[in-house]
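Working notes, beginning with the structure itself.
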Amino acid sequence: MKKYMLRFVLLSFLLLPLLAYAPPPVYSLKGKAVRIIDGDTFDLLVGTTTHRIRLAGIDAPEKKQDFSNASKDLLAALCKDQLLTVVVTDVDRNKRKIGEVYTQQKLWINKELISKGMAWHFKQYSSSKELAEAELLARKQKIGLWSVKNPVAPWDWRKRR
């Protein structure tokens, strides 16, 4: 009996850290974009509460980078007058909700920004084959930021600053 109890206690201590980690819950928010921060971040108004949303799986040009304003303008145009559904998958260190964003017409805004050459697929945080394929096609067609010779990825640009 003591032998089994000792195994149980040891196993509990080994598994406890694994059980303590729980991925953030996935949930949805529905609301309207009330402020566009940049090409991958906006404020969503749900009732009387505003949520800062960071689009999952993409990284748009930073302010002062080429295509920054164009990326921000495209996000604004895609969100304008839309009831948006945000599938929240995580929260980042800045307390922004990370999410997949869809219009009422089921347009996936994250993918649309990549397809139009206004954002990179952020492979460090996303393994989406759909986003990867969208970026490859935009690169091949030299759309948006892919129309310049050597576009600098936002994560590289941030390192240099």
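Computed from the coordinates by the stated procedures, all read-outs in this text should not be read as laboratory data. Bear in mind that the values here come from a model prediction, so they are computed numbers and not experimental data. Heads up, the Cβs are rebuilt from the backbone with ideal geometry, glycines too, and the neighbour counts pull from every protein chain shown.
Counting other Cβ atoms within 10 Å as a rough exposure proxy, the listed residues Tyr125, Tyr27, Tyr102 run Tyr27, Tyr125, Tyr102 from fewest neighbours to most.
Highest mean packing comes first when the peptides 132-141, 37-46 are listed by Cβ atoms within 10 Å, giving 37-46, 132-141.
How do Lys116, Lys111 rank when sorted from fewest to most other Cβ atoms within 10 Å of their own Cβ? Walk me through the numbers before you get to the answer.
Values: Lys116 17, Lys111 23.
Sorted ascending by nearby Cβ count, the order is Lys116, Lys111.
With N as its number of residues, region 32-161 has a Cα radius of gyration that, divided by 2.2 N^0.38 Å, comes to 0.99. Here the 3J(HN,Hα) profile of region 104-112, calculated from phi with Karplus coefficients 6.51, -1.76 and 1.60 at θ = phi - 60°, is 4, 7, 6, 6, 7, 5, 3, 5, 4 Hz, Gly and Pro shown as x.
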